[in-house]
Structures are given as structure tokens and as C-alpha cells.
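Every read-out reported here was derived from the displayed coordinates using simple, explicitly stated rules and does not represent laboratory data. Nothing here was measured: the structure is a model prediction, and the numbers come from that model. Note that we place each Cβ from the backbone using ideal geometry, even for glycine, and neighbour counts take in every protein chain shown.
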Amino acid sequence: MAKKSKVLSKNKGVKSGTKGKPKDFAKVKNKVGKQKQKPTNEMKTDVKVKKVQMPAQHALDEKGEEVTHRRLGMVELLGQLQHHSPKVRRDALRGLLELCREHPGVLNVNLARILDSTVVVATDGSPDVRAALRSFQAFLLEAMPQDAVSAFAPTLALQVRSALSHVSGEVREDGLKLLELYLSRLGSEQVLSQNEASRLVGTLCQLHSHVDLVLPCLLQLLQCKSEAVPENVSQASLYDILDGKLQQQGQAEVQADSQIWDFCLRAWMQAGELPRGAANAIRGPHGTLGRPGWMRLRAAAVLEQASAGVLAGHRSARSFSQPSASQVATLSGIVRRAEWPIQVDPASPFRQLADSINLRMARVFALLAAGAAPADASPTHLQRLASAALTAVEQLGKGGARSLANNGRGLGPEAAASAVASIALAEDSQVKPFSATASLCHCFRVLDHLWCGFSSFQSLDADVGRLAEVTSALSSGTGKNEEELAPTTAAMLAIPLTASLIGLQPEPIPCLGRVWPEALSRREGLATTIEEARPGTVLRWATTWPKMLWYLGSSQPQLTGFLLAVLLKLAKAAKPGSIHETLLASTLPLLVPFVAGMPGEEKPPPLARLPADVQLSAAALLLHFPRFTFRLVTAVAELLCRWSEAAADNAAWPDARLSTDCCELLLEAVLRGHPQTSELLVSRLRAALAILKAPSSSSGSDAGSELSVKLATAVAGWVMEVSETSASEERSLGRPVSRCSADHRRHLAFRSLAWPLCKEVCCAGARALCFFYFSARHLPEARDAEPEGTLFMREVFETLVVSHGQEVFKPKGLSVPGCKPLRGEGADQRHLPHLFVFAWMRAYPQQAAYELLAPCAQQLLGSKGAHLAHLPWVLAEAISYRNACSIRTDSWGKQGLGDFTHRLAPASPMEVRKQLEALHIDALSAQHFLAALPLL
């Protein structure tokens, strides 16, 4: 039997799985005197550290230079906007303002992040935080470009919408302030979309407890001229469309009350009354007593803007801005009960405020009468409103015109300049009491709409006569129906209105943009109707324009150019038999003092001191003169002789000069103006001679030389065309030319008119030769060589070449139009001889003219002196002309010239060539001339 294993024997008596297994939560007992054992998972904290010496540790607290005085950066400030403490949020916005003000780069780089973080601040419960937000947004709108801020318009609109829809009245009030800030700096089109603007109007009209804040916001929103689709268009179901109810639904919407009108009329009636007397106004502060007036002024401004939008045809404005018939009746009731116009004492401090309210409401009435009212409005109500508006304008406009006329006494450029300056100062779009000039501007805007709506009145003739009377009183400048014109502000402001009433429709200019008749500019004139109602009224208006030009002088070129443009439109509208033709015939003669100055005055006329474009407009008016007289021709000729760029210098008036284009037009008007009769022929010839003989400027400028040539061209063209105008002018030439051909008459005019003028102006130098050349250019080709022609050519040669050759052929570098410039060596010396040769060959048959140069030149070949230095150039150019035209020279030098025949022997070309070679001439002339001699 085998023995048991020792392993088995050792485990004998021990139950399997019980001994040796640790107990749960067993308590370890330590022996006495023994240290407690440490747990197995204990971490040792005794770490050995070695120190490193560092001067500073900037990486832990470095924030850069873009921090506030509290060492806070942009990230920390934006994070503090979410803090629970209102004080921390307020300080965060103030710190953000400080950071962006001191470091503009932060705002430029992080604009989107900053705007996104400040969206929720608009509805913050703390008023201090909301006030800090407005301060920061005001700085942001000033510091950043408008285009950059407009890119975040949805974010700004979200701020406004969330604030206005808040349950707290204080938050809504601050939201209105924020909206007014955005609208005043950016405009409604930049902040709100079309649909948002329409929706927001309805929201604002429900805030009756914040009238002072809602009215400015409404005014800014209404100035948006975009055509937004109305939001309150009711939806029609398919069953309604099939039943035919859609048309009735649309009609009901047209007749609905306007929310804007309901809000403004309620604000008007709840505002209260202004203190009427001066004593009552002094008892309290103006801010408290004047609050009703300011509220009514803002309400009237909103109604005015709304009515203007409706009349302009904007769909967005018509949807919520057009009043209903009942609201028009409410306005009519206010007028009927004498609650308007507002009456205060003349000495009251609220007089200016009351007049401004009355003028704005008068324009509202005029807009309604002109077409802004609904179709179902009562004509009786509209007529009452229009009559009340005209009464207010008559009182306030005439009073303002008389006040300005009394304060600005004196006629002349100074008074006119001060009046124009006052117009510029009145250009302000803010809602505040009008100044004296702004009141007049508003009066003319009211008259513009009243004139457009007068056709709907019952008593047509009476209304037109009354309107014409008020308009005439204001256009005279004195507030009275007088013939005398005072250059006051009222007279200048009336020019666009009167011009539009006549039917001229001039182009607007900036200085008169505030009073521009927008309504009348879109319709035909009323000149015939006005003249039938009040004869002579239209003529009085038109004759004030030349007088105003004289008073303005050269002080206001822009306004002067506008008046000249009005007169030009009148000239273009003057059809035969029309009223405009009658007006033009009476108006243009009054323009002479402005153009030519007063008789006997040494100072330049106003025209000579104006810019070139304005001078051109005035000169163009002379072409429309119905009839020229001897005095007018003389005055314009004297104007050209004294004040053109080619005239002599005037030390007393160095800046008074007529431009080149103006001088050309003036000369054309003098020579070709109506009528073309023989009575004025002598006057025009004297004027042409005076212009040609006028002394030139000592400076010898290129502009003056060019102008003298252009004037000579114009005179030559007119002189050569005189023989073809009428039989009476043909007889005035002193010869029986009625049976001559057209070519013969041209040559006769050249010898009888052009050449005598040329002889008279030989003292003017090259100008005489240019005139001779331009006259010869109009000649046809000569065919027959007459004995009289030989004598004429001899006279031409002796006058231009011999007697005055030194002055006539003096090179000045003239640029002659129509003459191809010469090139090569000696071009300046060849230019004038070239002109002479061309004219010489056109004045006589070419072969005979070329042969006549032989005895002329042979007579002078033996002479010496500086006065004949131009002779080789003349002969050389003649040789060049002969070769260019292939002129035959078979009998060259065989013709005699008057008494030359018995003194000079016939000379062949070789003999003349030898004599020419013996001439002592300068090197340049010799080089050019000797090169041409072999061609002789």
C-alpha cells in the first residue's frame, strides 16, 4: 500500500477555499512600538527642486499695448459683458470705448466681433448699461466709415427690434433713442430693409406714451424713398377669389385710416396750446411752455414728409402714409374751428415757432390739394385747406419779404451777394423753427403745390388771380406788387417758380435746391392761363431776370449762369406768334447793360469778369436778339475792342477779359444778327474795322494772337458773303452789280470791301495779311485778266510788300486755321509769305498773277535794306506755288504793270535769277532762296 503525499498530509483537516483568503475590511493591528505602515498607493510629496534665476516672467501676464488704464484687453472686456453685475457690464462698455478711442486699430480689426457681442446689451435691465451702449455706438458711427458700418445693418436692426419689442417701457424708450441715433447717422435705408421699415412704422405708431421720441424716428423712416412692398396687405383665400370678394377687399384697404396720420393728429390735439401773449410766455421757462409748440412742429413735419412721399408716387409711402377721407375731414374741421393757424402776439418769444408750424401745415394742405389726398376726399374740404394755406403764405411770405427788403436796403452786387449768402445759410434739414430766409423758401414750396392743385378749385379765375398776385409780390423782392425790382432774397428765390410757371423748366442748381418747384417741373407751363387772368403778370416776371443779372454782376457766377440758362430756354421756346416770343422781345433789350456795360463807364461790364462758360451763355443770347440797332452794334464792337484777350492790357482791371469762344459768338451776333438790311451795313463795316484795328496786347500771348486771327477769319467770311445776301446790299457796294454773276460779285466784294478794310488795318501787322488771306480763300478761280485787275494787283503789292512789308511779314508764329503748317528749316519765316502768295494767286488768274511778280520784284532788286528782307521769301514761295500747280511760264516777265512798262525792260528768267543772286540777304534766307532759284 502506497504512502500518502506530504502535501496532502499538510492540508489535512483544512476546509478547501477558506484558509488563506483575505477578509473584507480587515483591520490591521500594529504591534506595540511599531510604526504604522504606509498605504501602498501613497504618493511621495518630498520633491527636490532646483531654483533658476530669471529677471522677470512676462509670458504669464503680458497683454500687449492695446489695454485700458486698468490693464484690460478687448477679450476680457467682451467677456465682462456677460457678467452678472450691472456695474461690471457698464464698466466693460466704458472700457471698450476707451480702448477703441485710444487704439483705433482695435475697432478696425474686430468690428464684427464687437457688434456681435453687444447685440444683447440693447435689452439689458440696467439703464446705466444701456446708456453706456449708446455712447459707444455713437462713437463707433463717427469713427468708422459709413459703408463699413452699413455692412452690419442686420445686426443693428436686431438690436432695435429686440429693444422695441421688450416688455419694459424703459427698455423700449432707450430703444427709441438707439433707433434715432442709427437713423440720424446712417439713414433708414442703411439700417432697415424695406419690409422692416414698413413693419416698424406700425410698431412706432402704437407707442403713444413716447410721442417726443417716436416723431423724430417716424420722420427719418419716411425720408426713405425706396419702393417697399406693404406688409399689411391682407391675404385672400381661394374661395374669396372665386366669389369675387377680392376687389371689395382691396377697396376697403384704400379707405382705411393711416396709422401715421392717426398718431400725428392725436399728438397734435393732445399737445395743448402755445402761450398767446408775451406776458404769459415770460412767466415760465421756455422749455416747458414751448413743449406744445415743439410737439406740433414735429407732428407737422411728419405729416409733411408723409404727404410728399404719397405725391411722389412711392408705393411704400402710399401704403401707410396716405390719409383717409375721414382724416382729411378732421384737418378741415381744425381749420373750420379756427384752431389753425396758430396765433401768437408779434412780441412773443414763440412767434418764430408758431410761424414755422403754420408754414409746415400749410404745405401739408397744399400737398393734399395737389393730389396726396385719397380719391374719395371731399372737394369742399380740399378747397378749404388750399384757401387756408394760401392765406397763411400770403401773410407770412409778404411779411418776410418786406422785412428782408427793409433790412437789406441798397442795390448792386453787394446786396445781391448778401441775399445769396442768406439762401446758403437756410439750407438745413433739421426740424426747428425757420429763419427768415427758410420761411420764404417754405412759402415758395407751398406755392408750387398750390399752383399744381388750382385746377381742382371751383372758382378758377379768382384762385389763379390770387395766386398770381402773391407770387408777383414775392418775386418783386419787396412783398408788394411793384414794377421796381429789389435784389433781395425773395426775388432770387422766386426765379425757379416763375420760370416753371412760364413753362421753361430750367435745370436745378445747388444754391436754389431748397425752393425748387418739383411739382411744376413735371407739367406744362401756365403762362397763357395766368396772362388771361391777370394781364401783364408774366411779362413782369420775365423782365426781372435781366435786371437781376445786372444787380448780381460777377459776385455769384453760379446764379448768373442759371439766369442765363433760363433766358436761353425762353429764346428756344419763342415760336412765332407764341407768348414766349412776346416775352423774349421785351426781355432781351434789358440785357445790354449786363453784356456791354452802361454808356460812358470806364469799368468793365459784368460779363467781362465772369467765368468763360458763363460768358459763352451770355454771348449765345445775342444771337436771339429780335432786332439789332446801331447802338447795340457799336456797344458790342467796343466791348470786343476793349476787353477781349487780343485787346490792349488794362492795368486797372487785369482780370477783366472775354474768352475766345465768347468773342467769336459776340462777333457772329454783331455781323449776322437780325435784321440783315442795308441800314446796318455801314454800322457793321465800321464795327468790323474797329475790331480789326484794335490795339493788341503788349504781352503778345498766344491766346491773344490766336483770337485776333479768329476774329479776322470771321470778319473776312462775313465781308465776302455780303454781296450775296440781298439786292439792297448789292446796290450798297456802289456799283451796278445786279446783273453780275456770283463769281464776279465775289471778286467785286473782295476789291471793293475786303481790300479797303485790309489797307486800313495794315498798321496792325500780320493781322492785315491774315484778313487778306481769309478773304481770298472765299474767291472762286479767276479766269480773265483785266487791265483793272493789273492795277489792283500792283496796289496790293506796293501796300503789303513794299510800304508795310516790314510789319506785315514780321514772323510771330501765328497759327492760322485752315492753313497746313509748314515744316522744315525757316518755317516761321516762310509762313506769312506763303499766305500772301496763296491770296495773290487767288485774286487774279494764276498764270497772269505769277507773271506779274516779275516786274514787281525787278523794280526792287536793286534796292537794299532791312525792309526788303522778306522779298526773297515771297519769291521763293511763289516759285514753290508755281511748281505745285504746274503753272506755265512761256511768257514769264513779258507783262507790264501800269507805268512799269516804260521803265523796265522785259526780263527773262535767267536775267532775273542773276539779279536775285546778287541780293545781300541773311544766311537763312539765302540758303532757302538759292535752293529755289534753279526752279525759276
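Miscellaneous remarks
- Packing around the peptides 466-478, 333-345, taken as the average count of other Cβ atoms within 10 Å per residue, puts them in this order, highest first: 466-478, 333-345.
- Projected label distance in nm at Glu760 and Arg523, using a 7 Å step from Cα toward the beta-carbon: 5.7 nm
- Working from label points 7 Å from Cα in the Cα-to-Cβ sense, the Ser126 to Lys51 distance is 4.4 nm.
- Point-to-point label distance, Cys885-Ser209, nm (Cα→Cβ direction, 7 Å offset): 10.3 nm
- Other-chain or far-sequence residues with amide H under 5 Å of Leu658's (modelled H): Ser644, Glu645
- Most to least packed among 390-400, 782-792, 709-719 [average Cβ atoms within 10 Å]: 709-719, 390-400, 782-792
- Using a Förster distance of 41 Å, the FRET efficiency for Glu602-Leu689 (Cβ separation, nearest 0.05): 0.95
- One chain, two ends: Ser162 and Ala112. Fully extended at 0.36 nm per residue, the span grows by 16.1 nm beyond their Cα-Cα distance.
- Cross-link pairs Lys547/Lys693; Lys547/Lys575; Lys398/Lys432; Lys432/Lys569; Lys480/Lys572 - those with Cα-Cα distance over 29 Å: Lys547/Lys693; Lys432/Lys569; Lys480/Lys572
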